[in-house]
Structures are given as structure tokens and as C-alpha cells.
Amino acid sequence: MAAKLRALSDYELALSNSQGRYGDFSLLRLKASYDVNSALMLSTQVDNLTDEYYEYV
């Protein structure tokens with residue numbers, strides 16, 4: 001089982017800040033796997049568990 005957290009603070013695209021602010025999001029990913037036998041492994045993954053809208057510019 002594994003968990004990954006990715007976070008980004010807000011930022012501007014230009015020094016004049018004329019285009020607004022972007023970023024400011026946190027994403028959580030969970031992943032799990034189970035070895036049924038030596039030939040079969042089951043796995044699942046959930047991306048963006050918090051269902052947060054984000055845009056990376």
C-alpha cells in the first residue's frame with residue numbers, strides 16, 4: 001500500500017500579476033496491491049482522492 005501527496009502553492013505567470021494567480025492545490029493518490037499467487041497480482045489506484053479541481057499552467 002502506498003500514498004502520495006502532491007501540493008503546489010499559488011503563483012503568478014508574470015511579475016506584474018496581470019493574469020491572475022494559479023496553483024494552490026493538493027492531490028492525494030492511494031495505491032494498493034495484493035499477490036494472489038506467484039502468477040497473479042491484483043492492484044488498484046485512486047487518483048485525486050479529494051476530488052479537488054486543479055489546473056497546472
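Annotations
- Only one of the numbered conditions (1) part of a loop (DSSP other than H, G, I, E, B); (2) in contact with a Lys or Arg (Cβ under 6 Å, 6 or more places away or on another chain) is violated by Leu49, and that is (2).
- Among the residues of the stretch 1-35, those that are part of a loop (DSSP other than H, G, I, E, B) and touching a Leu at 6+ places or on another chain (Cβ under 6 Å) comprise Gln19, Gly23.
- Residues of the stretch 31-50 classified as acidic (Asp, Glu) and either modelled with pLDDT of 95 or more or open to solvent by less than 80 Å² (accessible area, probe 1.4 Å) (or both), total: 1
- Single residue of the stretch 1-30 satisfying the filter (of a type in the set (Ser, Thr, Tyr) and open to solvent by 70 Å² or more (accessible area, probe 1.4 Å)) that is modelled with the lowest pLDDT: Ser18
The values are calculated or read from the model by the stated rules, or taken from the named source; none is laboratory data. From a predicted model like this one, the values you see are computed outputs, not experimental measurements. As a convention, Cβ positions derive from the backbone with ideal geometry for all residues, glycine included, and neighbour counts pool all protein chains shown. The area values use the complete protein model at the heavy-atom level, side chains included, leaving out ligands, DNA and RNA. Shrake-Rupley method; radii C 1.70, N 1.55, O 1.52, S 1.80 Å.
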